[in-house]
Amino acid sequence: MHVSNLLLPLLTLSVSSPAVSALHINPHHKRSLATSGQGQKEAKRDGVLAAAHKNKVKRLVKKKKRATCQVKFNATSIVTSPSTEATASSTSLVGDDASALPTLTNANNWANATATATSSSASSWETESSSSSVQPSSTTSAGSSESTSSSGWFKVEEWSGNSFFDNVNFWEWNDPTHGTVDYLNAGDAWNSGLISINSNKRAVMAVDTTQVVSGGRKSIRIHGNKVFTGGLVLMDAYHMPTGCGTWPAWWSNGPNWPEGGEIDIFEGVNDFSQNQVSLHTGNGCTMPNNMNDNQVGQLTTGSFDSYNCASYATSNQGCGVRDTTTSNAYGEPFNAIGGGVYAMRWSKAGITVWFFPRTNIPADITADAPNPSSWGKAMAHFPSDNCSPYQFFYDHFNIFDTTLCGDWAGADGVWNYAGYAGQDQSCAASTGYSTCSDYVLNNGAAFADAYWEVSYVKYFNSTSEV
């Protein structure tokens with residue numbers, strides 16, 4: 001993305017690549033990383049680095065997305081050995097899009113998203129072919145089985161309470177989106193107090209508030225251990241990070257970006273008060289012209305075809321839906337009401353996202369018997385008419401992160417701009433700083449509200465809808 005295109009901020013998501021159906025969640029596995037150079041090969045397509053590290057400058061619809069930064073999993077295995085440490089050393093710039101490829105000093109190349117998890121355990125959830133084709137299954141993990149609700153959805157996994165962080169890995173390398181941030185490993189995150197389980201048994205993920213820092217401000221990025229293709233995922237948050245310089249997101253990602261797809265569920269920057277849901281895919285995924293008739297949000301416009309979700313074809317614009325109607329779905333208004341529940345359904349019908357404010361959470365969600373057919377019009381609905389949800393999306397895992405500045409929040413055309421996504425004054429004007437990085441490095445107290453407070457993440461499956 002060229003800097004000249006940063007006149008208005010846009011949001012996007014990355015999504016794509018072949019696979020088949022059914023929610024696939026691996027209980028409690030750890031990532032074992034390959035030691036071959038296969039990652040570098042897969043990261044290149046037609047002489048360009050994989051979009052996992054593609055520069056995606058973010059605007060109202062368009063953003064520089066948080067590169068895949070993932071391990072390519074055998075989505076059905078339980079890994080028997082922990083991942084070894086890797087350290088990011090530098091970035092590689094390719095072409096006008098300045099693709100950011102964190103270079104790791106050992107062979108366990110996480111950022112390249114090409115390491116393969118292996119397993120010697122016979123208790124894996126499903127079996128998967130080498131072509132990444134997955135088969136539907138109604139299997140649930142031990143201790144998490146639930147009876148099937150009248151809607152046909154049943155719970156297969158829950159992260160909550162004291163065990164919340166047992167379900168994730170911590171990203172501790174350079175930020176793929178060039179943020180003014182220093183992501184901590186699990187030990188440092190606990191020791192510094194940036195993660196905790198509070199008295200309400202909710203998981204807290206915060207940003208360091210030391211007044212003046214150098215290099216980057218400490219923060220948290222976690223990748224879920226559960227790998228899934230299709231299903232229903234619920235996330236209940238009481239608080240989200242807010243304020244100038246912040247770029248928080250809850251999203252899911254697949255392997256070989258954008259071929260495995262990306263679904264941005266809950267995301268924005270700076271003082272936004274409107275959420276944007278986005279998809280990023282490989283070539284071939286498009287949306288129908290009447291898409292806006294079936295959702296609360298509206299398809300945002302950018303420099304490219306807004307109905308084309310392909311990241312490469314749209315310079316990573318993809319398909320973005322911004323909700324200008326719901327007044328409390330993002331930012332300070334979200335926190336003021338005690339947050340609420342976001343739901344993402346990935347089914348044969350497509351990919352759909354709902355938001356329910358704290359005082360309007362459906363009883364079926366509270367009872368662990370979700371019935372999406374009764375929830376009404378969604379915030380965003382990406383139908384499967386011309387975008388197969390199992391060809392362009394597969395083997396995803398959930399991610400929470402709070403980066404600072406970076407290619408979206410810190411871009412000149414965003415930092416100095418206002419009048420969109422509910423932000424009335426530019427961050428340059430409200431902070432008195434001409435650059436995001438200078439503000440972040442010198443104003444730790446300003447990040448007291450830059451924290452997640454999450455009650456749970458729950459995964460559901462269906463033998464009929466997925």
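Put simply, the amide H of Gly284, placed in the peptide plane, has neighbours under 5 Å in Ala310, leaving out anything fewer than 5 places away on its chain. Residue by residue, the range 300-306 carries 3J(HN,Hα) couplings of 7, 10, x, 7, 10, 5, 5 Hz when phi is fed to the Karplus relation 6.51 cos²θ - 1.76 cosθ + 1.60 (θ = phi - 60°); x denotes Gly or Pro. Residue by residue, the range 205-218 carries 3J(HN,Hα) couplings of 10, 10, 10, 4, 10, 3, 4, 10, 10, 10, x, x, 8, 5 Hz when phi is fed to the Karplus relation 6.51 cos²θ - 1.76 cosθ + 1.60 (θ = phi - 60°); x denotes Gly or Pro. 3J(HN,Hα) along the range 267-274, derived from phi through the Karplus expression 6.51 cos²θ - 1.76 cosθ + 1.60 where θ = phi - 60°, amounts to 7, x, 9, 6, 9, 4, 10, 10 Hz, with x in place of Gly and Pro.
Say the cut-off is 25 Å between C-alpha atoms; which of Lys218/Lys458; Lys377/Lys458; Lys201/Lys226 go over it?
In this structure, Lys218/Lys458 exceed 25 Å between Cα atoms.
Put simply, the amide H of Val168, placed in the peptide plane, has neighbours under 5 Å in Asn225, leaving out anything fewer than 5 places away on its chain.
Residues whose amide H lies under 5 Å from that of Glu157, counting only those 5 or more places away or on a different chain, are Tyr459; hydrogens are built 1.01 Å from N in the peptide plane. In the range 153-462, Cα pairs under 8 Å separated by at least six residues give a relative contact order of 31 percent.
DSSP beta bridges confined to the range 153-306 are antiparallel in about 80 percent of cases. Ranking of Phe397, Phe304 by solvent-accessible surface, largest first: Phe304, Phe397 (1.4 Å probe, protein heavy atoms only, all chains present).
What shape does the range 310-399 have by the C-alpha gyration tensor, where a ≥ b ≥ c are the square roots of the eigenvalues, rounded means a/c under 1.5, and otherwise prolate means a/b greater than b/c and oblate the rest? Judged from the Cα gyration tensor, the range 310-399 comes out oblate (a/c at least 1.5, b/c at or above a/b). The distance separating the Cα centre of the range 344-368 from that of the range 293-323 comes to 22 Å.
The values are calculated or read from the model by the stated rules, or taken from the named source; none is laboratory data. Keep in mind that this is a model prediction, so the values were computed, not measured. Surface accessibility is based on the protein's heavy atoms, side chains included, excluding ligands, DNA and RNA. Shrake-Rupley method; radii C 1.70, N 1.55, O 1.52, S 1.80 Å.
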